[in-house]
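*Asks:* Could you have a look at this structure, given as structure tokens, before my questions?
The values are calculated or read from the model by the stated rules, or taken from the named source; none is laboratory data. In this text the structure is predicted, and so the values were computed from the model without any measurement. Note: ideal-geometry Cβ built from the backbone for every residue, glycine included; neighbour counts use all protein chains shown. These accessible areas exclude ligands, DNA and RNA; they are computed on the full protein's heavy atoms, side chains included. Shrake-Rupley method; radii C 1.70, N 1.55, O 1.52, S 1.80 Å.
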Amino acid sequence: MDEIEQPEAGQQHLLGTLQVWKHSLPASGPAVSPPRTQHPNPLVVGDSVIASVFSPGTISSVDKKSGQARWSYKVDGYAGEQVVHAAGRIYAKSSRTLYCLDAARGTSHWSFSPMENGRETIYSAPTYHRDRVFIGDRAGMFHCLDASSGKPVWSQKVSARDNNQVNTTAAIHDEVVVMGCNAGVIVAYQIATGRVVWEQSIDGPCTSEILARDGKVFMTTWHSIYGLDASTGKIDFHMHWPSLNIRAVALCGDSLIAVLNPVMGVTRRKQNDPPADLPRMVAFRGESQLFEIEAAEFVVGIRFHEDSGLLYESRIDGLGIIDPATGRRLHNIYADDSLLNCGLVDIDDGRIYAMASDLEGAIYCLRSPAARPT
């Protein structure tokens with residue numbers, strides 16, 4: 001492999017020096033799907049680590065201490081980019097079906113397919129809230145399911161506009177669930193009944209997870225980030241970058257951090273604008289910008305870990321651990337013989353759990369270089 005220059009960091013770490021165990025996955029395609037949510041993949045559940053493996057399309061569980069296989073469930077297509085755990089059950093999806101599995105045994109409780117025909121009918125990921133599961137489909141429908149049985153409680157068409165596919169992941173605020181679609185429409189529904197509470201238009205398709213915090217919901221389009229009042233739908237926050245695409249967004253305590261990638265063929269718009277051919281990381285608290293710095297190349301996702309107060313950066317070429325107050329990369333983890341290509345990681349008891357599409361695809365348990373002494 002040609003050598004790739006690693007981004008600057010306070011400390012650089014080779015993967016092997018931190019590895020506790022490695023569980024190799026079947027080699028039939030990329031194990032990791034690019035994340036469009038804030039949910040880690042794999043996910044620590046009790047004494048297990050459970051992963052949604054994009055290809056060959058399985059939900060797999062391994063022992064948290066040893067990495068030994070526990071169970072594997074084959075889905076009917078490519079698997080999604082996350083799993084959700086609640087009350088001893090795992091909610092995970094393929095490109096056409098939502099599954100409810102027993103977290104300990106991997107057996108199926110139920111499955112839900114919104115359309116009988118079609119190879120890829122679900123791009124949305126599930127959201128769980130109080131014995132309800134919410135998911136959208138590519139026919140423009142948003143479904144509320146009973147989490148115990150998988151039976152529909154209610155379903156709504158999000159928009160009658162063209163290109164109304166519901167590919168994002170919903171957010172919860174009090175007794176309201178907020179969902180968006182490719183037609184640039186955001187809708188809030190009453191959880192109990194499916195009644196529309198409010199509707200708002202934005203400037204493009206909404207395909208990533210909608211995030212909720214402190215009475216606001218946040219969503220992205222290609223070039224914009226919006227913050228809406230979760231009770232009314234009123235736009236309180238709007239940032240727009242015509243020459244940059246929004247690659248990833250995370251809520252970090254009371255701030256919002258975004259990674260922006262250049263749009264090919266677009267030059268800077270104003271004399272003092274940063275170069276349009278460089279990726280950027282920007283942070284806001286409310287409407288005030290905290291910092292704007294050059295970001296690493298090849299970022300696929302970022303995730304804030306509340307307990308440690310750190311931001312974890314997943315890239316094609318490695319894994320970064322970042323101070324969200326400054327954007328400074330404290331640690332960088334990389335492999336010396338392959339691209340690491342991590343999904344969003346989970347952190348538990350001083351360990352990092354990551355799934356990577358390297359030469360063979362694997363789940364890793366790593367000692368966290370940022371773990372605080374106990």
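*Asks:* Right, A147: touching a residue at least 60 places away in the same chain (Cβ under 8 Å), closer than 23 Å to S52 by Cβ and touching a Phe, Trp or Tyr at 6+ places or on another chain (Cβ under 7 Å) or not?
*Replies:* It is true that A147 is touching a residue at least 60 places away in the same chain (Cβ under 8 Å), closer than 23 Å to S52 by Cβ and touching a Phe, Trp or Tyr at 6+ places or on another chain (Cβ under 7 Å).
*Asks:* Just to check your reading of the model, which residue among D131, D102 is on the phi > 0 side of the Ramachandran plot and of a type in the set (D, E)?
*Replies:* So the residue among D131, D102 that is on the phi > 0 side of the Ramachandran plot and of a type in the set (D, E) is D131.
*Asks:* A follow-up question, please. What number of residues in segment 127-156 are touching a Cys at 6+ places or on another chain (Cβ under 9 Å), open to solvent by 40 Å² or more (accessible area, probe 1.4 Å) and more than 20 Å from L101 (Cα to Cα)?
*Replies:* Count: 2.
*Asks:* Can you give me the ranges of the strands (runs of 3 or more DSSP E) entirely in segment 47-121 with at least 1 residues that are of a type outside the set (K, R) and touching a residue at least 60 places away in the same chain (Cβ under 8 Å)?
*Replies:* 48-53, 58-63, 84-86
*Asks:* What do you reckon, is P114 modelled with pLDDT under 95 and crowded, with 16+ Cβ neighbours inside 10 Å?
*Replies:* So P114 fits the description; yes.
*Asks:* Could you pull out the residue among N167, N163 that is within 18 Å of V84 (Cβ to Cβ) and either assigned to a loop (DSSP other than H, G, I, E, B) or of a type in the set (A, V, I, L, M) (or both)?
*Replies:* Being within 18 Å of V84 (Cβ to Cβ) and either assigned to a loop (DSSP other than H, G, I, E, B) or of a type in the set (A, V, I, L, M) (or both) holds for just one of N167, N163, which is N167.
*Asks:* Now a separate question. Only one of these is modelled with pLDDT under 95, farther than 27 Å from Y312 by Cβ and touching a strand residue (DSSP E or B) at 6+ places or on another chain (Cβ under 8 Å): R161, R195. Name it.
*Replies:* One residue alone meets the criteria, R161.
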